[in-house]
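The values are calculated or read from the model by the stated rules, or taken from the named source; none is laboratory data. On a predicted model such as this, the values are computed, not experimentally measured, just so you know. For neighbour counting, all protein chains shown are included, and Cβ atoms are generated from backbone atoms with ideal geometry for every residue, glycine included. All accessible areas refer to the heavy atoms of the entire protein, side chains included, with ligands and DNA or RNA removed. Shrake-Rupley method; radii C 1.70, N 1.55, O 1.52, S 1.80 Å.
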Amino acid sequence: MCFIGIDIGTSSISSVAYDLKKNKIESLTIANDSVIVSEVLWEKTQSPDRIIEIVEEIMEDFSSRYPDIKGIGVTGQMHGILYLNEQGKAVSPLYTWQDGRGNQLYREDKTYAAYLSEETGYALATGFGLVTHFYNQVNGLVPDNAKRICTIMDYVVMKLSGQKTPLTDYSNGASIGFFDTKNLCFDHAALEKVGIDLSILPELSESATCCGYNKRQIPVYSAIGDNQAAFLGSVKDIHHSIHITVGTSSQISVYSDKFIKIPELDTRPFPGGGYILVGAALCGGQAFVMLKNFFEQTLRAFLPALSDEQLQAGGLDLYRVMTSVPYKEDVCDLPIVETLFDGTRFAPWKRGHIENISLSNFTPENLILGFLKGISRELHDFYQRLPENIRHGKDVIVGSGNALKRNPLLCQAFEELFGCKLSFSLYQEEAAFGACLSAVKGEDRCEIA
């Protein structure tokens, strides 16, 4: 008995085949080469049809080797949208979560996202699907034959199951904006106030709803957000765990069985009930990449004849060197780094800075540690905003994301700040595995019904 989980990531598409009876898992990852290059630097789009091709390759591979597949679960990059025509065909690119049109000036020196937030009271940021749609609507960029919007994972589910209308679960609905997370519905009054036609919205459903069957008659279940999927695929004890994931960006997630709203944190619906409280930083592992690029550019500036081949022949792996420096706790005199190099979701103009530099502490090793502590401090600051009753009893950090798994110094920085042990999931592709578990739950629900 096998279940398939697929994670439509920004840079890669990961999948797992999970044998429920044997408790064995196989993972497969393919580069997401669907990026559409734009002359406009802030425009970030991908080809939905190319993504479908990659997913079909994955399904062909798994189906040829696993004859007893019982269900397919899907997750993927949240917030982004694409437009569909009446037949369910994509008539636009995927506007991803990184798209910057919401940060462009709209009126009275306000950005599109800031204007919508002020008008409706919702905390909206660029990349949120309905912010993207509002920009497109104002600027005449909505395709004439567009009838609906949906997320990329909902589109994949729709195509796999042979449907023409997208179905969006609450976790994905909440990710595109204007969503009443307490009552689990779009806020129609707020949308009408800013002139967004309600007919463009996708239909909402519970998580793990059976949306149809693929060409091999395998049930395909409604997609869930990748944040919720990674939490599901990583955390065993949701009541005592802090989930931290560090990739390009970074997030901290904590479960709450009750609805609670906290400034600068997201309250996101959790599959099966309850919520996760999420602090999202735009610069996670990307901050460390920036520092690595600085060191590399410095080397090339002082040694202009140095080639890539010579670097490799000399065994100079900058990441290995950077993650091998001795760790120092904050009692030491270290540079203090604020890693807001790409701003924050709700203050995109903010920038990072480095302070507490002295004549004796400005060294490459200390700068490396300062950056890593800055990455961890930003998430810890989100955590400190949680009320004591939510933080009480949280005694383990569960980590995910390659930027964390491959960096023992960053793990130490989190352990020092949070004062508890960090562990990792047993499985490599946590979000895809979480999508798998959602499909397992969907089959259980069908059997009970």
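Taking Thr10 as the residue in question, decide whether it is open to solvent by 20 Å² or more (accessible area, probe 1.4 Å), of a type in the set (S, T, N, Q) and either under 25 Å from Lys215 (Cα atoms) or not in a helix (DSSP H, G or I) (or both). Spelling it out, Thr10 is indeed open to solvent by 20 Å² or more (accessible area, probe 1.4 Å), of a type in the set (S, T, N, Q) and either under 25 Å from Lys215 (Cα atoms) or not in a helix (DSSP H, G or I) (or both). Those helices (runs of 4 or more DSSP H) of the stretch 370-449 in which 3 or more residues are touching a Leu at 6+ places or on another chain (Cβ under 6 Å) and either at pLDDT 90 or above or loosely packed, with under 15 Cβ neighbours inside 10 Å (or both) occupy 408-418.
Every listed requirement among (1) open to solvent by 40 Å² or more (accessible area, probe 1.4 Å); (2) touching a Phe, Trp or Tyr at 6+ places or on another chain (Cβ under 7 Å) is met by Pro263 save one, (2).
Report yes if Glu53 is under 20 Å from Val194 (Cα atoms) and either open to solvent by 30 Å² or more (accessible area, probe 1.4 Å) or under 17 Å from the mean Cα position of the chain (by Cα) (or both), otherwise no.
Judged against the criteria, Glu53 is not a match.
For the stretch 202-224, a tally of residues being farther than 10 Å from Leu167 by Cβ, polar (S, T, N, Q) and open to solvent by 20 Å² or more (accessible area, probe 1.4 Å) returns 1.
Could you say whether any residue in the stretch 358-366 is touching a strand residue (DSSP E or B) at 6+ places or on another chain (Cβ under 8 Å) and in contact (Cβ under 8 Å) with a residue 12 or more places away in the chain? Break it down stepwise before answering.
From the stretch 358-366, those touching a strand residue (DSSP E or B) at 6+ places or on another chain (Cβ under 8 Å) are none; that's our starting set.
Looking through the stretch 358-366, none of the residues is touching a strand residue (DSSP E or B) at 6+ places or on another chain (Cβ under 8 Å) and in contact (Cβ under 8 Å) with a residue 12 or more places away in the chain.
Count of the stretch 13-32 residues, restricted to those that are open to solvent by less than 50 Å² (accessible area, probe 1.4 Å), farther than 23 Å from Asp99 by Cα and in contact with a helix residue (DSSP H, G or I) (Cβ under 9 Å, 6 or more places away or on another chain), is 5.
Evaluation of Glu338 against the conditions (1) open to solvent by 70 Å² or more (accessible area, probe 1.4 Å); (2) at pLDDT below 95 shows that the sole unmet condition is (2). For the stretch 249-275, taking the residues that are small (Gly, Ala, Ser) and free of Cβ contacts under 8 Å to residues at least 60 places away in the same chain, the one that is farthest from Ser171 (Cα to Cα) is identified as Ser249. Does Asp19 meet the test of being at pLDDT 95 or above and farther than 17 Å from Tyr155 by Cα? Answer is no for this residue.
Of note, Ile244 satisfies the criterion of being part of a strand (DSSP E or B), within 23 Å of Ala125 (Cα to Cα) and touching a helix residue (DSSP H, G or I) at 6+ places or on another chain (Cβ under 8 Å).
On the given criteria, is Ala125 at pLDDT below 95 and not charged (D, E, K, R)?
Numbers: at pLDDT below 95: yes; not charged (D, E, K, R): yes.
Spelling it out, Ala125 is indeed at pLDDT below 95 and not charged (D, E, K, R).
Scanning the stretch 91-150 for residues that are among the basic types (Lys, Arg) and either in contact with a Ser or Thr (Cβ under 7 Å, 6 or more places away or on another chain) or closer than 21 Å to Asp180 by Cβ (or both) gives Arg101, Arg148.
Is it the case that Tyr255 is more than 28 Å from His133 (Cα to Cα) and aromatic (Phe, Trp, Tyr)? Considered against the rule, which asks whether it is more than 28 Å from His133 (Cα to Cα) and aromatic (Phe, Trp, Tyr), Tyr255 comes out as yes.
If you take the residues in the stretch 116-149 that are part of a helix (DSSP H, G or I) and of a type in the set (Val, Ile, Thr), which one is farthest from Tyr106 (Cα to Cα)? Step through it out loud before you land on a result.
First, pick out the residues of the stretch 116-149 that are part of a helix (DSSP H, G or I): 116-120, 129-138.
Then drop every residue that is not of a type in the set (Val, Ile, Thr), which leaves 120, 131-132, 138.
Working: Thr120: 16, Val131: 12, Thr132: 13, Val138: 9 Å.
Looking at residues that are part of a helix (DSSP H, G or I) and of a type in the set (Val, Ile, Thr), I get Thr120.
Restricting attention to the stretch 56-84, which residues are open to solvent by 10 Å² or more (accessible area, probe 1.4 Å), under 18 Å from Pro219 (Cβ atoms) and not in a helix (DSSP H, G or I)? Within the stretch 56-84, Tyr66, Pro67, Asp68, Ile69, Lys70 meet the criteria.
Among the residues of the stretch 227-248, what is the count of those that are over 23 Å from Ile25 (Cβ atoms) and buried (at least 21 other Cβ atoms within 10 Å of the Cβ)? Spell out how you get there, then give the answer.
At the first step, the residues of the stretch 227-248 found to be over 23 Å from Ile25 (Cβ atoms) are 239-240, 242, 248.
Of the ones still in play, those that are also buried (at least 21 other Cβ atoms within 10 Å of the Cβ) are 242.
Of the residues in that region, 1 qualify.
Taking the conditions (1) without any contact (Cβ under 8 Å) to a residue 24 or more places away in the chain; (2) hydrophobic (A, V, I, L, M, F, W, C); (3) part of a strand (DSSP E or B) in turn, Ala301 satisfies each one other than (3). If you go through the stretch 159-201 and keep only what is part of a helix (DSSP H, G or I), open to solvent by 40 Å² or more (accessible area, probe 1.4 Å), touching a residue at least 24 places away in the same chain (Cβ under 8 Å) and of a type in the set (Gly, Ala, Ser), you end up with just Ser199. Taking the criterion of being open to solvent by 40 Å² or more (accessible area, probe 1.4 Å) and of a type in the set (Lys, Arg), the residues of the stretch 85-128 that qualify are Lys89, Arg107, Lys110.
Taken over the stretch 42-57, the criterion of being closer than 21 Å to Gly129 by Cα and touching a residue at least 40 places away in the same chain (Cβ under 8 Å) is satisfied by Trp42, Glu43, Lys44, Thr45, Gln46, Ser47, Pro48, Asp49, Ile51, Ile52.
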